[in-house]
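The values are calculated or read from the model by the stated rules, or taken from the named source; none is laboratory data. Note that the coordinates shown come from a computational prediction; the quantities given were computed from them, not determined experimentally. Counting neighbours? That spans all protein chains shown, and the Cβs are built from the backbone with ideal geometry, glycine included.
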């Protein structure tokens with residue numbers, strides 16, 4: 001009885017350990033040749049094609065909400081001229097990487113988990129291993145790299161669309177002046193904000209793809225197992241991403257001093 | 001010439017559930033073996049353990065001096081090049097057409113030119129009767145064709161050992177007969193070691209040189225075909241003749257009451273042993289033995305009517 005309780009309590013630790021071991025395998029696979037360029041390009045194209053439009057559609061209201069919220073707040077402080085700056089800071093540092101991550105996990109990651117899960121239950125992955133080919137090197141590494149690449153690009157897209165959306169709402173609805181919005185862009189924001197946003201996107205893309213691939217490759221129990229794997233991969237990714245985002249933001253705010261004046 | 005597989009004291013369990021324990025057998029080089037067993041006795045698990053997809057809890061599997069159960073990942077990938085495996089549903093890569101599927105191992109593991117690859121792939125397609133379907137996707141062909149395509153892919157690297165996971169599941173009896181003939185012809189041609197996992201009794205009675213029976217978490221018997229077909233051992237006898245009377249019940253084994261209730265029932269006599277399937281070109285396989293040779297050596301009289309042409313197949317099959 002005691003041992004079974006211990007087993008149950010320690011089960012999540014084991015699962016986390018397996019996921020981490022899988023991530024290490026992927027890391028080792030990164031350097032194994034031949035690199036699967038074709039698969040990488042195909043996957044990058046596929047992930048981009050399923051994420052670009054939803055990302056743009058999410059980014060507009062995201063930028064708008066920030067503009068409305070921050071704009072209203074800043075008006076109360078009497079600092080309307082800094083609306084643009086606050087909006088850029090919020091979008092570039094937080095909204096863009098998080099928005100990217102949600103879509104990479106929700107659209108790209110679920111597709112990866114479903115694809116690998118289906119291959120797993122059809123025994124395609126077993127067949128591949130029996131043919132002497134490592135599925136991690138052949139299938140997972142290109143997908144992880146593709147997700148990272150697309151995440152970086154999507155991050156740029158969300159930044160631009162979000163800031164533009166904020167501009168439209170601030171100028172159009174809140175009666176802000178275009179000049180003030182644009183002129184204050186660089187008042188608070190600085191270049192490292194952009195770098196940290198890109199770095200976050202890169203890490204989020206990696207986590208999303210690794211979790212999705214791990215869950216997909218460990219699917220079992222027929223079609224239902226694949227569905228469960230997709231579901232779990234999205235949930236786990238979301239939770240991980242928000243935790244990692246918090247840690248990265250905290251470190252960044254400590255390391256990089258905020259711009260003054 | 002095929003390779004011998006030596007299995008010692010192999011034990012596998014999932015969590016607390018024992019699948020089978022202490023399985024020891026030697027699969028002789030170049031011969032056809034069939035592993036039988038009621039549904040759910042871990043036949044497929046046995047097969048996957050042999051190729052190192054599953055790690056056994058205990059025991060060893062020795063192929064050409066390497067123990068698959070304990071060797072490194074790198075050695076495992078190396079030793080797997082000796083294997084060709086036909087998976088239950090063919091396990092074709094869904095995103096590639098049949099030609100690319102069959103060419104896949106060649107493109108990955110050899111430096112052959114496309115024209116050489118083409119020659120090999122077309123030859124394998126020809127053997128398995130799939131000429132004309134090479135540009136179809138796996139989703140567009142029937143289950144039987146997928147199986148044959150899986151077989152073509154398994155053969156493309158000239159394996160020393162070929163494993164078949166239920167080659168006859170989901171096929172009609174005629175296609176099963178053709179596939180069985182194909183298996184025998186292939187063995188005659190490439191001399192590899194064949195292991196077929198199945199629960200089709202007709203296949204088990206007519207194709208192999210040796211039969212093994214997994215039952216109730218252990219290997220009940222393993223030996224030459226004629227030994228099992230003439231065996232009076234209750235489990236072997238019940239299974240190989242598809243009878244209800246015997247220790248195997250609907251779900252698992254029967255309990256004492258059920259066994260007592262049928263103890264006074266007369267067992268039907270053993271049916272005659274059929275002839276072994278011969279290669280279609282009439283030239284005997286290297287490992288093939290004369291019909292009845294084992295029975296004569298052991299001084300066992302086979303059931304009346306054995307080894308005659310045109311005897312009917314197993315009852316209930």
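Results for (1) in contact (Cβ under 8 Å) with a residue 40 or more places away in the chain; (2) within 17 Å of the chain's Cα centre (by Cα), shown as yes or no for each residue.
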residue: A:123; (1), (2): no, no
residue: A:137; (1), (2): yes, no
residue: A:150; (1), (2): yes, yes
residue: A:163; (1), (2): yes, no
residue: A:173; (1), (2): yes, no
residue: A:194; (1), (2): yes, yes
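Pull up the stretch B:192-206, narrow it to residues that are in contact with a helix residue (DSSP H, G or I) (Cβ under 6 Å, 6 or more places away or on another chain) and at pLDDT 90 or above, then point me to the one that is farthest from residue B:288 (Cα to Cα).
In this case the residue turns out to be B:197.
Yes/no per residue for (1) outside any helix (DSSP H, G or I); (2) more than 18 Å from residue A:147 (Cβ to Cβ); (3) at pLDDT below 85:
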residue	(1), (2), (3)
A:193	no, yes, yes
A:196	no, yes, no
A:199	no, no, no
A:224	no, yes, no
A:232	no, no, no
A:245	no, no, no
A:261	yes, yes, yes
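Working carefully through the options B:175, B:225, find the one that is surrounded by fewer than 19 Cβ atoms within 10 Å (Cβ to Cβ) and at negative phi. It would help to see each step written out before you state the result.
On the way: B:225 fails: surrounded by fewer than 19 Cβ atoms within 10 Å (Cβ to Cβ).
Exactly one of B:175, B:225 is surrounded by fewer than 19 Cβ atoms within 10 Å (Cβ to Cβ) and at negative phi, namely B:175.
Sort out which residues of the stretch B:102-122 are more than 11 Å from every other protein chain (Cβ to nearest Cβ), in a helix (DSSP H, G or I) and loosely packed, with under 13 Cβ neighbours inside 10 Å, and write them in order of number.
Within the stretch B:102-122, B:114, B:115, B:116, B:119 qualify.
Look through B:132, B:139 and report the one residue that is over 21 Å from the mean Cα position of the chain (by Cα) and at positive phi.
On the way: B:139 fails: at positive phi.
Among B:132, B:139, only B:132 is over 21 Å from the mean Cα position of the chain (by Cα) and at positive phi.
Looking at (1) within 20 Å of the chain's Cα centre (by Cα); (2) away from chain A (no Cβ under 14 Å), which is the only condition residue B:84 fails?
Checking residue B:84 against (1) within 20 Å of the chain's Cα centre (by Cα); (2) away from chain A (no Cβ under 14 Å), the one that fails is (2).
Would you say residue B:21 is in a strand (DSSP E or B), under 26 Å from residue B:227 (Cα atoms), away from chain A (no Cβ under 14 Å) and in contact (Cβ under 8 Å) with a residue 40 or more places away in the chain?
Numbers: in a strand (DSSP E or B): yes; under 26 Å from residue B:227 (Cα atoms): yes; away from chain A (no Cβ under 14 Å): yes; in contact (Cβ under 8 Å) with a residue 40 or more places away in the chain: yes.
Here the answer is yes, as residue B:21 does meet what is asked.
Taking the options A:60, A:41, A:47, name whichever one is assigned to a helix (DSSP H, G or I) and under 20 Å from residue A:200 (Cβ atoms). Break it down into steps so the answer makes sense when it comes.
Values: A:60 fails: under 20 Å from residue A:200 (Cβ atoms); A:41 fails: under 20 Å from residue A:200 (Cβ atoms).
Criteria check complete, one pass: A:47.
Inside the stretch B:52-64, can you point out the residues that are assigned to a strand (DSSP E or B) and within 14 Å of another protein chain (Cβ to nearest Cβ)? Lay out the reasoning, then the answer.
Pass one, the stretch B:52-64, residues assigned to a strand (DSSP E or B): B:58-63.
Selection gives B:63 alone.
Collect the residues in the stretch B:87-101 that are within 11 Å of chain A (Cβ to nearest Cβ) and not in a loop (DSSP other than H, G, I, E, B), keeping them in residue-number order. Break it down stepwise before answering.
Of the residues in the stretch B:87-101, the ones within 11 Å of chain A (Cβ to nearest Cβ) are B:87-96, B:101.
Once the filter is applied, which keeps residues that are within 11 Å of chain A (Cβ to nearest Cβ) and not in a loop (DSSP other than H, G, I, E, B), the stretch B:87-101 yields only B:101.
So which residues in the stretch A:105-123 are in contact with a helix residue (DSSP H, G or I) (Cβ under 8 Å, 6 or more places away or on another chain), facing chain B (nearest Cβ under 8 Å) and crowded, with 20+ Cβ neighbours inside 10 Å? Step through it out loud before you land on a result.
Looking only at the stretch A:105-123, we keep the residues that are in contact with a helix residue (DSSP H, G or I) (Cβ under 8 Å, 6 or more places away or on another chain), and these are A:105-121.
Subsequent filtering for residues that are facing chain B (nearest Cβ under 8 Å) retains A:118-119.
Correct list: A:119 only.
How many residues are away from chain A (no Cβ under 14 Å) and either farther than 26 Å from residue B:241 by Cβ or crowded, with 16+ Cβ neighbours inside 10 Å (or both) when one looks only at the stretch B:29-51?
Let us first name the residues in the stretch B:29-51 that are away from chain A (no Cβ under 14 Å), namely B:29-43, B:46.
So of that shortlist, the ones also either farther than 26 Å from residue B:241 by Cβ or crowded, with 16+ Cβ neighbours inside 10 Å (or both) come out as B:29-38, B:41-43, B:46.
Matching residues across the stretch B:29-51 total 14.
Identify all residues within the stretch A:124-140 that are within 7 Å of chain B (Cβ to nearest Cβ) and either in a helix (DSSP H, G or I) or in contact with a strand residue (DSSP E or B) (Cβ under 8 Å, 6 or more places away or on another chain) (or both); write none if there are none.
A:124, A:126, A:127, A:129, A:130
List the strands (runs of 3 or more DSSP E) that sit entirely inside the stretch B:146-231 and contain at least 3 residues that are touching a strand residue (DSSP E or B) at 6+ places or on another chain (Cβ under 8 Å) and without any contact (Cβ under 8 Å) to a residue 40 or more places away in the chain. Steps first, answer last, please.
Values: elements: B:161-165, B:193-197, B:210-215, B:218-224.
Once the strands (runs of 3 or more DSSP E) in the stretch B:146-231 are filtered for at least 3 residues that are touching a strand residue (DSSP E or B) at 6+ places or on another chain (Cβ under 8 Å) and without any contact (Cβ under 8 Å) to a residue 40 or more places away in the chain, what remains is B:218-224.
Can you name the residue in the stretch B:65-81 that is more than 7 Å from every other protein chain (Cβ to nearest Cβ) and part of a helix (DSSP H, G or I) and is also nearest to the chain's Cα centre (by Cα) among such residues?
Among residues in the stretch B:65-81 that are more than 7 Å from every other protein chain (Cβ to nearest Cβ) and part of a helix (DSSP H, G or I), the one nearest to the chain's Cα centre (by Cα) is B:79.
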